[in-house]
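Reading through the structure tokens given below for one structure.
The values are calculated or read from the model by the stated rules, or taken from the named source; none is laboratory data. Keep in mind that what you see is a predicted model, and the values were worked out from it rather than measured. Here the Cβ positions follow ideal geometry from the backbone for every residue, glycine too, while neighbour counts run over all protein chains shown. In case anyone asks, the SASA skips ligands and DNA or RNA and just uses the protein heavy atoms, side chains included. Shrake-Rupley method; radii C 1.70, N 1.55, O 1.52, S 1.80 Å.
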Amino acid sequence: MSLARTYSVALVGVEGHLVEVEADIADGLPATILVGLPDTALREARDRIRAAILNSGRDWPKRKITIGLSPANLPKRGSGFDLAIAIALLAADEAFPLTAPQGMIFLAELGLDGRLRPVPGVLPAVVAAASGGMTTVVVAVENKAEAGLVPGVRVAAAENLVQVMDWLRGGPFPHAEVSPAPPSPDGPGAVGGHGGQNGADSRPRDLSEVLGQSEARKAAEICAAGGHNLSLLGPPGTGKTMLAERLPTILPDLRAPEALEVTSIHSIAGQLPPGAGLIERPPFCAPHHTASMAAIVGGGSGLVRPGAASLAHRGVLFLDEAPEFHRDVLDALRQPLEAGEVTVARARMYATFPARFTLVLAANPCPCARSAGGGRCTCSPATKIRYLGRLSGPLLDRVDVKVKLEAVSRRAMLYDREFAEASEIVAKRVALARDRSACRLAGTPWRVNAEVPGAELRRGFAPEPGALRQLDRAMEKEQVTARGVDKIIRVAWSVADLEGRPRPGKDEIHTALSLWLGMSG
């Protein structure tokens with residue numbers, strides 16, 4: 001009787017858990033038993049592994065085989081356990097010494113011919129492996145660059161099972177070369193949104209292209225400086241989509257921990273191209289208005305995957321034609337807007353994904369969208385109210401800045417061409433504003449003004465004396481909610497940071513109140 005052990009990683013949300021894979025070969029009728037809460041894809045691993053071992057030149061043991069995955073109460077999903085199970089089984093069958101796989105993590109799917117195939121979620125899995133004391137990870141060639149993003153871990157990238165077996169017998173270290181990913185026009189590591197633009201035109205975009213909407217551009221700058229949510233209301237052709245798509249161009253690069261976190265989410269979602277490095281630019285995600293709730297906040301019947309809210313983590317989530325989204329989908333965003341994370345509950349597990357993003361809502365003033373530009377609107381006042389009423393009050397209460405855009409004449413566009421600043425110039429002001437807020441928030445768990453809780457705002461980050469009188473009058477008129485007061489003060493701090501003022505005064509509060517009420521534009 002032989003017993004061998006290897007290790008792999010099970011992912012729950014973005015958190016990895018080490019899984020011990022045991023293979024026992026004992027006397028008895030030939031059978032293969034897999035235990036430890038495997039899902040359907042993992043149960044099918046028995047047939048894949050058998051074919052892979054046979055096609056790699058090894059005989060299949062004609063005895064009773066028991067494969068255990070521990071901890072047994074942790075659900076295991078996906079095909080990423082194939083290689084770990086095969087190596088444990090081969091070690092138990094004395095294909096190489098039992099001690100050869102010690103200190104290693106095996107993450108790969110096996111083809112029937114023994115090829116190693118890439119799997120999603122390698123980056124967070126390797127992070128968990130490093131935290132668990134593992135020093136070496138064995139992956140498919142396509143996952144080598146992703147696994148190599150974690151410092152202190154040796155990566156062995158193999159093309160097939162034969163290479164792994166030869167290495168464990170004392171052969172050469174498998175280190176197949178990986179071709180670098182083609183450069184992105186939007187900068188290094190751009191994926192899925194800001195880089196790929198969701199399959200749309202990938203040409204470089206610049207804020208200066210949004211002509212005739214100076215106040216909207218200024219509002220976007222304020223949102224970028226403080227991480228505030230933005231609502232854009234206006235007829236078609238006024239630049240709502242252009243402005244939203246160019247918001248990431250004025251955001252600063254992601255810091256190293258943020259880049260690792262964002263890249264891990266995209267890795268789990270399977271959206272990292274082969275050979276891609278860290279995502280260093282804030283992502284931009286723009287789902288279609290027909291997207292389901294699972295597509296927006298995450299979920300799935302089997303393997304729980306992150307949704308658009310998490311794919312936009314540390315970036316921008318843009319909902320174009322926002323009233324066309326299902327209302328329950330929109331309201332599902334209220335929790336991540338407050339908590340900065342999404343929790344997906346299932347019968348046997350809870351998966352939590354980070355989801356701290358800047359929300360941008362764009363909407364037409366009515367369903368026919370002919371209320372400007374010389375067109376005749378056919379919508380009644382009740383229809384307009386009902387249409388915009390699909391954006392619930394609690395959701396809009398979480399939007400810090402609301403801007404109304406008007407149709408722009410050709411003369412105004414030509415005039416504004418001289419004053420529209422490039423993204424590079426605006427991004428420098430945003431970076432300086434964020435540096436000021438970072439110095440002010442040093443020693444706290446918050447990084448931008450939008451994250452500061454209301455209680456802390458009033459306790460340690462109060463505006464100048466007397467600056468809140470106008471805000472008090474707005475509350476007396478029931479124009480502003482208690483949550484709105486906090487958001488207005490946060491926006492005022494961002495305005496002050498952009499202007500280099502130590503604290504927001506009456507002017508900054510007035511600007512923030514106007515933006516919250518949607519009186520600009």
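Multiplying the residue separation of ASP166 and SER131 by 0.36 nm and subtracting their alpha-carbon distance yields 9.8 nm. At each listed q (0.25 Å⁻¹), what is the log10 of I(q)/I(0) that the Debye formula gives for the stretch 79-169 modelled as equal alpha-carbon point scatterers? Computed log10 I(q)/I(0) values: -1.34.
Measure out, as a whole number of angstrom, how far apart the alpha-carbon centroids of the stretch 122-147 and the stretch 223-239 sit. Measuring centre to centre over Cα atoms gives 40 Å. Extension gain, ASP47 to ARG459: 0.36 nm times the residue separation minus the Cα-Cα distance gives 142.1 nm. Where in the stretch 208-224 does the amide nitrogen come within less than 18 Å of the point 7 Å from the Cα of TYR415, taken along Cα to Cβ? Flagged as within label range: 210-218. The H on the amide N of ASN160, modeled in the peptide plane, is under 5 Å from the matching H of LEU116, each at least 5 residues off or on a different chain.
Distant-in-sequence amide contacts of ARG77, defined by a placed amide H-H separation under 5 Å and a gap of 5 or more residues or a different chain, comprise LEU11. Spacing of the modelled spin labels on THR378 and ALA442, each 7 Å from Cα toward Cβ, amounts to 6.2 nm. For the stretch 456-497, the share of alpha carbon pairs falling in successive 5 Å distance bins from zero is 6, 22, 32, 28, 11, 2 percent. In the stretch 366-488, the inverse of the mean reciprocal separation of distinct Cα atoms equals 18.8 Å; this is its Kirkwood hydrodynamic radius. Which net charge results when you count Lys and Arg as +1 and Asp and Glu as -1 among the other residues whose beta-carbon is under 13 Å from that of ALA45? Taking every other residue near ALA45 into account, the sum is +2. Derived scalar couplings between HN and Hα for the stretch 416-431 equal 6, 4, 6, 10, 5, 8, 6, 4, 4, 5, 5, 4, 5, 5, 4, 5 Hz in order, rounded to whole Hz, by the Karplus curve 6.51 cos²θ - 1.76 cosθ + 1.60 (θ = phi - 60°), x for Gly and Pro. The GLN102 and LEU432 beta-carbon pair, evaluated with R₀ = 45 Å, returns a calculated FRET efficiency of approximately 0.30. Equivalent ellipsoid of the stretch 292-415: semi-axes from √(5λ) of the C-alpha gyration tensor, largest first, are 34, 17, 12 Å. Distances between placed amide hydrogens fall under 5 Å for GLY277 paired with GLY189, all partners being 5 or more residues away or on another chain.
Taking the Cα centre of the stretch 404-501 as origin, sum charge times position over the Cβ atoms of Lys and Arg (+1) and Asp and Glu (-1), and report the length of that vector in debye to the nearest 20.
So the magnitude is around 60 debye.
Cβ-Cβ distance of SER214 and LYS477, R₀ of 35 Å, FRET efficiency by 1/(1 + (r/R0)^6): the value works out to about 0.75.
Bridge orientation summary for the chain: considering DSSP beta bridges with both residues in this region, about 45 percent are antiparallel.
Set the Cα radius of gyration of the stretch 27-89 against 2.2 N^0.38 Å, with N its number of residues, and you get 1.10.
Note on the stretch 1-147: Cα-only Rg and Dmax are 14.1, 43 Å.
Can I get the semi-axes of the stretch 319-368's equivalent ellipsoid? Compute them from the C-alpha gyration tensor as square roots of 5 times the eigenvalues, in angstrom, largest first.
Largest first, the stretch 319-368 gives 27, 13, 7 Å.
Taken over the C-alpha atoms, the chain has Rg and Dmax values of 27.0, 88 angstrom. Extension gain, THR40-SER392: 0.36 nm per intervening residue step, less the Cα-Cα distance, totals 122.7 nm. In the stretch 201-250, the ratio of gyration radius to Kirkwood radius, Rg to Rh, stands at 0.93 when only Cα atoms are counted. With kT/(6 pi eta Rh) evaluated at 20 °C and eta = 1.002 mPa s, and Rh the Kirkwood radius from Cα pairs, the stretch 260-329 diffuses with a coefficient of 168 µm²/s according to Stokes-Einstein.
Spread over its residues, the convex hull of the C-alpha atoms of the stretch 56-107 is 105 Å³ per residue. Given +1 on the Cβ of Lys and Arg, -1 on the Cβ of Asp and Glu, and no further charges, what dipole in debye does the chain carry about its Cα centre, rounded to the nearest 20? Dipole about the Cα centre, nearest 20: 1160 debye.
Between LEU303 and TYR350, the simple spin-label model (points 7 angstrom out along Cα→Cβ) gives 2.4 nm.
Would you work out if the stretch 215-345 is rounded, prolate or oblate? Take a ≥ b ≥ c from the square roots of the eigenvalues of the alpha-carbon gyration tensor; rounded if a/c is under 1.5, else prolate when a/b is larger than b/c, oblate otherwise. Oblate shape, in that a/c is at least 1.5 and b/c is the bigger or equal ratio. The heavy atoms of LYS218 offer some 90 square angstrom of accessible surface to a 1.4 angstrom probe.
Computed from Cα atoms, the angle from the helix 82-92 axis to the main principal axis of the chain rounds to 20 degrees. In the stretch 391-458, the C-alpha radius of gyration followed by the widest Cα-Cα span (Dmax) gives 17.6, 50 angstrom. In the chain, the calculated helix contribution to ellipticity at 222 nm averages -9500 deg cm²/dmol per residue, counting -39,500 (n - 2.57) for every DSSP H run with n ≥ 4. Couplings for the stretch 432-444, taken from phi via the Karplus curve 6.51 cos²θ - 1.76 cosθ + 1.60 with θ = phi - 60°, read 5, 5, 5, 5, 5, 5, 5, 5, 5, 9, 4, x, 10 Hz in order; Gly and Pro are left as x. Using a 4.7 Å Cβ-Cβ cutoff, the cysteines of the chain lacking any partner cysteine are CYS223, CYS285, CYS368, CYS377, CYS439. The rule of thumb for compact globular proteins, 2.2 N^0.38 Å, goes into the C-alpha radius of gyration of the stretch 439-521 1.03 times.
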